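Contents: one structure, followed by commentary.
The values are calculated or read from the model by the stated rules, or taken from the named source; none is laboratory data. The model shown is predicted, which means the values in this text are computed figures rather than measured ones. Heads up, the Cβs are rebuilt from the backbone with ideal geometry, glycines too, and the neighbour counts pull from every protein chain shown. Please note that ligands, DNA and RNA were not included when accessible areas were found on the heavy atoms of the full protein model with its side chains. Shrake-Rupley method; radii C 1.70, N 1.55, O 1.52, S 1.80 Å.
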Amino acid sequence: MSILTENIIPGNQGKVFETNAKEAKDLEQIKKRLLAMEGIKEITLNQDSFPKEFIVQTSQMVPIKEIEQAVISEGFHAIPKGLIEL
């Protein structure tokens with residue numbers, strides 16, 4: 001693993017995560033939890049996709065593990081897209 005695959009780098013692109021949350025209220029709860037974290041600038045929800053997705057944009061380097069743990073604490077999973085190479 002490298003610094004780029006283990007962290008979200010500040011910038012306009014952000015990092016896309018998939019989640020098993022299905023209800024709009026659950027996605028909003030995840031968004032609220034993530035926005036309370038230090039370094040998180042913006043969360044964009046994509047409720048039209050399956051599975052549901054959200055994009056995390058940061059103002060500083062934030063470890064992906066911290067995002068995953070915050071979502072797990074809400075009772076759901078967050079899986080970063082693009083990390084698994086075959």
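Dividing the summed -39500 (n - 2.57) terms of all DSSP H runs of n ≥ 4 by the residue count of the chain sets its mean residue ellipticity at 222 nm at -8000 deg cm²/dmol.
For the chain, modelled as a GNM whose springs connect Cα atoms under 10 angstrom apart, the maximal fluctuation among 43, 72, 64 occurs at 72. Enumerate the aspartates and glutamates that residue 32 could reach by cross-link, defined here as Cα to Cα under 20 Å, with residues fewer than 8 away along the same chain left out. Within the straight-line limit of under 20 Å, residue 32 reaches these aspartates and glutamates: 18, 23, 42, 48, 53, 66, 68, 74. Structural descriptor for the chain: relative contact order 40 percent, calculated from alpha carbon pairs under 8 angstrom and at least 6 residues apart. Expressed as a whole percentage, what fraction of the accessible surface of the chain belongs to carbon and sulfur atoms when a 1.4 Å probe is rolled over the protein heavy atoms? Answer for the chain is 52 percent, counting heavy atoms of protein chains only. Longest stretch of the chain clear of exposed loop sites (trypsin sites (Lys or Arg not before Pro), DSSP loop, at most 16 other Cβ atoms within 10 Å, sites excluded): 23-80. Partners of residue 81 within straight-line reach, counting lysines whose Cα lies under 20 Å from its Cα and excluding those fewer than 8 residues away in the same chain: 15, 22, 31, 41, 52, 65.
Express in % the proportion of alpha carbon pairs of the chain at distances exceeding 14 Å. Write out the running numbers ahead of the final one.
Details: 2161 of 3655 pairs.
When all Cα pairs of the chain are counted, 59 percent exceed 14 Å.
Applying the criteria of a DSSP loop state and at most 12 other Cβ atoms within 10 Å to the GluC sites (Glu not before Pro) of segment 46-86 yields 85.
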